Amino acid sequence: MNQFEHRQSAHCESGVIASLLTHSGLAMSEPMAFGLAAALTFAYVPFVKISGMPLIAYRMPPRRIIKGVQKRVGLKMHYQTFSDPAKGMAELDQQLQAGRIVGLQTSVYWLPYFPDTMRFHFNAHNLLVYGREGDDYLISDPVFEKPVRCNAQALQKARFAKGALAAKGMMYYPTYVPESFDLVQASTSAIRANYRGMVRAPLPVIGVRGIRYLGRKIVKLSNDPSLREEYLPLYLSHIVRMQEEIGTGGAGFRFIYASFLRETGKALNNDLLAEASEMMAEAGDQWRMFALVSSKMGKGRKPLNGDELANILNRCADQEAKTWQLLKRYCS
Amino acid sequence: MREAEVPQDSENSCYGGERKLIYAMDDLGDFVGVKSTGWTVEAEATHRALELIHRQCEDSWSRAQRGETSALEYYMCYRRMDLALLSQTTGLFKWRIRRHFKPPIYARLKDTLLARYAQALEFEIDTLKQLPEQPLHESV
């Protein structure tokens with residue numbers, strides 16, 4: 001078995017890459033990986049449906065976190081997919097035997113160690129395999145407190161599940177990890193990229209404008225008598241799930257990002273970043289408020305009021321816009 | 001959010017006894033990972049999604065018992081899939097699967113076709129042929 005220290009994370013992909021780097025000698029926190037990947041976003045994507053509801057994303061699409069870190073830190077990664085599941089499992093065994101820690105993309109549903117309440121068909125979950133004992137693979141699943149185990153048959157099923165974002169057995173590991181990197185340059189480039197995505201996005205459903213768009217959408221639904229009673233509460237709980245349930249570290253990744261700003265500010269002795277961190281955390285608090293009020297309205301403990309929800313979302317948007325204006329001064 | 005404000009709503013959680021990492025601010029303004037046992041707001045949203053799945057299981061179960069749909073639809077719901085996902089997983093067209101929801105047609109399906117469902121749904125072919133004696137999904 002390979003020596004490996006499991007570390008719990010909020011999110012699977014940032015957790016996996018931060019752990020892989022730390023294991024390879026380049027210590028990195030999860031928020032640092034998330035921030036350097038410029039992974040924060042907001043996107044309202046009506047044509048991608050998740051159980052019949054529009055996709056609402058608070059972070060960049062799968063694999064972007066690993067690729068973003070790769071680019072800004074200057075590491076080299078090996079990626080591999082398989083058309084034959086048996087070959088995919090054999091290759092995993094071979095790399096484990098060679099002493100590697102291997103990252104896998106899997107479905108959540110077919111992993112037996114997930115609690116029943118969390119088993120949904122989502123194909124872009126990331127985890128690390130660090131060994132094998134008999135038929136069991138030893139797994140460091142970043143969102144769990146402790147290392148877990150999974151038998152070969154179930155792991156194969158999870159790796160080769162079909163559907164949206166199908167992993168096709170995707171496995172990856174670093175082939176070169178630098179001893180250090182230039183944090184000034186990496187953070188400037190990452191924050192600039194993130195600023196562009198949040199403030200300068202060409203579509204009205206992306207970035208800060210997208211947050212306001214969602215507010216208008218809720219008002220529209222609340223004014224439609226046929227959708228107000230049944231559909232709107234479902235719609236609101238869907239937003240809350242996207243924002244909180246999917247390993248976001250709270251408030252749709254806003255707290256993770258604030259943590260990245262704080263950590264970078266401290267390392268570089270930069271007061272601007274420290275201030276931006278506090279501002280982003282306040283935006284996060286507004287998002288939590290939105291979740292709380294939506295939940296009350298959805299449960300009928302508070303009268304349904306679309307305008308009130310839109311107002312909270314506009315406050316989130318205002319706060320984030322202000323934060324990015326400040327951050328613009330850091331990266332320009 | 002401050003460290004002390006991280007919800008610990010263990011009695012109303014959807015984490016199945018696990019704890020989840022949330023980032024919050026400590027007294028110095030630094031962020032720390034705090035393990036949370038649950039948040040009622042989030043749990044309610046998850047439960048709403050689980051309720052929906054449960055309703056689909058109950059509905060397809062009783063329709064299959066009345067002979068209005070085939071056991072296939074029940075097994076699909078039990079695996080938390082919808083028609084679109086089952087279609088992607090098996091490589092069969094949706095209309096074809098819908099046709100297999102008709103009990104007389106489903107009863108005549110060849111094992112080669114059933115094998116594709118068996119693989120997608122992770123059940124034996126013989127199991128798929130009829131409803132189980134008791135519902136597989138938990139009654140809430």
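The values are calculated or read from the model by the stated rules, or taken from the named source; none is laboratory data. Computed from a prediction, not measured in an experiment: that's the story for all the values here. Backbone-built Cβ (ideal geometry, glycine too); neighbour counts: all protein chains shown. What goes into the accessible areas is simple: the full protein's heavy atoms, side chains included, and nothing from ligands, DNA or RNA. Shrake-Rupley method; radii C 1.70, N 1.55, O 1.52, S 1.80 Å.
Before moving on, here are some points about what is shown:
- Inter-residue pairs, beta-carbon under 7 Å, first within 16 Å of A:Asp224 (Cα to Cα) and in the range A:304-321, second open to solvent by 10 Å² or more (accessible area, probe 1.4 Å) and among the basic types (Lys, Arg), 6+ apart: A:Leu304/A:Arg228; A:Ala310/A:Arg216
- Looking across the range A:106-116, the residues that are more than 24 Å from A:Gln3 (Cβ to Cβ) and within 16 Å of the chain's Cα centre (by Cα) come down to A:Ser107, A:Val108.
- Qualifying residue in the range A:108-125 (condition: under 18 Å from A:Ala37 (Cα atoms) and not in a helix (DSSP H, G or I)): yes
- Condition check for A:Glu91: in contact with a Gly (Cβ under 9 Å, 6 or more places away or on another chain), among the acidic types (Asp, Glu) and more than 23 Å from A:Asp136 (Cα to Cα): no
- A single entry from B:Ala24, B:Ala64 fulfils the requirement of being out of contact with any His (no Cβ under 9 Å at 6 or more places or on another chain), outside any loop (DSSP other than H, G, I, E, B), open to solvent by less than 30 Å² (accessible area, probe 1.4 Å) and away from chain A (no Cβ under 11 Å): B:Ala64.
- Residue satisfying condition, being open to solvent by less than 60 Å² (accessible area, probe 1.4 Å), within 14 Å of chain A (Cβ to nearest Cβ) and touching a Lys or Arg at 6+ places or on another chain (Cβ under 8 Å), within set B:Ile105, B:Ile53: B:Ile53
- Elements of the type helices (runs of 4 or more DSSP H) sitting completely within the range A:208-290 and holding at least 3 residues that are in the same structural domain as A:Thr323 (by TED's automatic domain parsing) and within 17 Å of the chain's Cα centre (by Cα): these cover A:231-240, A:254-268.
- The set of residues in the range B:27-59 being more than 28 Å from A:Lys302 (Cα to Cα) and assigned to a helix (DSSP H, G or I) consists of B:Gln56, B:Cys57, B:Glu58, B:Asp59.
- Selection of the range A:151-175 for residues being closer than 16 Å to A:Gln94 by Cβ and either within 11 Å of chain B (Cβ to nearest Cβ) or not in a loop (DSSP other than H, G, I, E, B) (or both) yields A:Ala152, A:Leu155, A:Gln156, A:Arg159, A:Met171, A:Tyr172, A:Tyr173, A:Thr175.
Matching residues to (1) open to solvent by less than 20 Å² (accessible area, probe 1.4 Å); (2) away from every other protein chain (no Cβ under 14 Å); (3) not small (Gly, Ala, Ser):
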| site | (1), (2), (3) |
| --- | --- |
| A:Ile206 | no, yes, yes |
| A:Ser237 | yes, no, no |
| A:Glu244 | yes, no, yes |
| A:Gly250 | yes, no, no |
| A:Gly265 | yes, no, no |
| A:Ala281 | yes, no, no |
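- Residue ID - farthest from A:Lys162 (Cα to Cα), chosen from residues in the range B:67-89 that are open to solvent by 50 Å² or more (accessible area, probe 1.4 Å) and in a helix (DSSP H, G or I): B:Tyr78
- Residues located in the range B:90-102, provided they are within 14 Å of chain A (Cβ to nearest Cβ) and open to solvent by 30 Å² or more (accessible area, probe 1.4 Å): B:Gly91, B:Lys94
- Being open to solvent by less than 30 Å² (accessible area, probe 1.4 Å), without any contact (Cβ under 8 Å) to a residue 40 or more places away in the chain and either more than 28 Å from B:Ala49 (Cα to Cα) or in contact with a Cys (Cβ under 9 Å, 6 or more places away or on another chain) (or both) is a property that does not hold for A:Ser259.
- Residues that are farther than 19 Å from A:Gln95 by Cα and in contact with a Gly (Cβ under 8 Å, 6 or more places away or on another chain) were ranked within the range A:125-150; the one that is nearest to the other protein chains (Cβ to nearest Cβ) is A:Val143.
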